[in-house]
Amino acid sequence: MILLNVLRNIQTTRMPVWLMRQAGRYLPEYRELRNKADGFIDFCLSPELAARATLQPIEKFGMDAAILFADILLIPFAFDQKVVFNEGGGPILEALSEEKQLGLLNWDIERLNPVFETIERVYDELDDDKALIGFSGGLWTVACYMMQGRSQPSFPKALACAQYDPEFMKFLMDALHDATLEYLGRQIEAGVDVLQIFDSHAGLLQGAFFDKYVIQPTKDLVAALKAEYPNVPVIGFPRGASLSDYEKYAAETGVDCVGLDQDVPLEFARRTLRLIKPLQGNLDPELLLKGGAPMKNEAEKIFRELGPNHIFNLGHGIIKETPPENVADLVSFVKSLTV
């Protein structure tokens, strides 16, 4: 698998390519599947539908990896926290607001058994040269949603708690560590080849708070995973982190590869980060939305700057209005870039 070769520092002649949110609303086939489920959580927990959604972009575009169709908020769901996805409005959770509510969280991994069945189905159908990626949210990011109750640009409740009530935050982060470790371990046992940790709101923190709530929890989680599953690579994605925090994340967390958002300069990635770990990313999703020469020019620049031993991806997920033909054009073009 070319993706695993990059993660294991085996020389390749071209960049492996997959795209965040490659299974999603931009695809008509996905929308047809989505209409068969009662809600988004039901969709994620319907193995036949979720497996089909996982495989659709591979069959249509030929990416080098499939990523499990699921959601980072399945962990709060498995804690028996109420989670609802409103069409077009994002997730709504029953927000945690008092310490006593943490004691009411009831973790039950069995609620996520359909996810593991989805992985088994995909594993059986996926071509041998394609990697299967499992994932979870970063502990800080999942904690943000659990405390805030919905997506917000700044997650003020979580930030206030991190600063003024560290005991409350520690209790939640410890619970999330144990749950996420079990969840990712079960994904490995079901058949995934690679894991990605999406810390989508890491950029809300800097300096000492970034160390405490992003680097250290990630380091502890990766170490625990490696102790049990030493041969499964882990990609970390600290979206929005400052450049100095990106560098510390790469050096200190123990991840095998660092995902870059579109704001990380390629020169910094080449001169600094690539010397520490293999990298993934970071085409601006807006360029994929537009397509054509600007998209290809930037893809070629990424290849020139970072070389074939780089995992080509976006700096964030595919925008839902993206024409599928742009995705086909991008994947084909990236695969044509060789040394």
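The values are calculated or read from the model by the stated rules, or taken from the named source; none is laboratory data. Note that this is a predicted model, so its numbers are computed, not measured. Here Cβ is always computed from backbone atoms with ideal geometry, including for glycine, and neighbour counts include all displayed protein chains.
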**Qualifying residue in segment 286-306 (condition: within 17 Å of Tyr246 (Cα to Cα) and outside any strand (DSSP E or B))** = yes
**Message:** For segment 175-226, give me the residue count where each residue is in contact (Cβ under 8 Å) with a residue 60 or more places away in the chain and among the small types (Gly, Ala, Ser).
**Reply:** 6
**Fill in**
Sole miss for Ile72 among (1) in a strand (DSSP E or B); (2) hydrophobic (A, V, I, L, M, F, W, C); (3) closer than 22 Å to Glu182 by Cα is condition (1)
**Item:** Contacts under 9 angstrom Cβ, first residue in segment 286-315 being at pLDDT below 95, partner of a type outside the set (Gly, Ala, Ser), 6 or more apart
**Value:** none
**Item:** Residue count for segment 10-54, restricted to those that are part of a helix (DSSP H, G or I) and under 17 Å from the mean Cα position of the chain (by Cα)
**Value:** 4
**Asked** Which one of Pro16, Pro47, Pro91, Pro57 is touching a residue at least 60 places away in the same chain (Cβ under 8 Å), over 27 Å from Gln280 (Cβ atoms) and crowded, with 18+ Cβ neighbours inside 10 Å?
**Response** Pro47
**Request:** Could you list, in sequence order, all residues of segment 67-118 that are modelled with pLDDT under 95, within 25 Å of Ile318 (Cβ to Cβ) and out of contact with any strand residue (DSSP E or B) (no Cβ under 8 Å at 6 or more places or on another chain)?
**Result:** Glu87, Gly88, Gly89
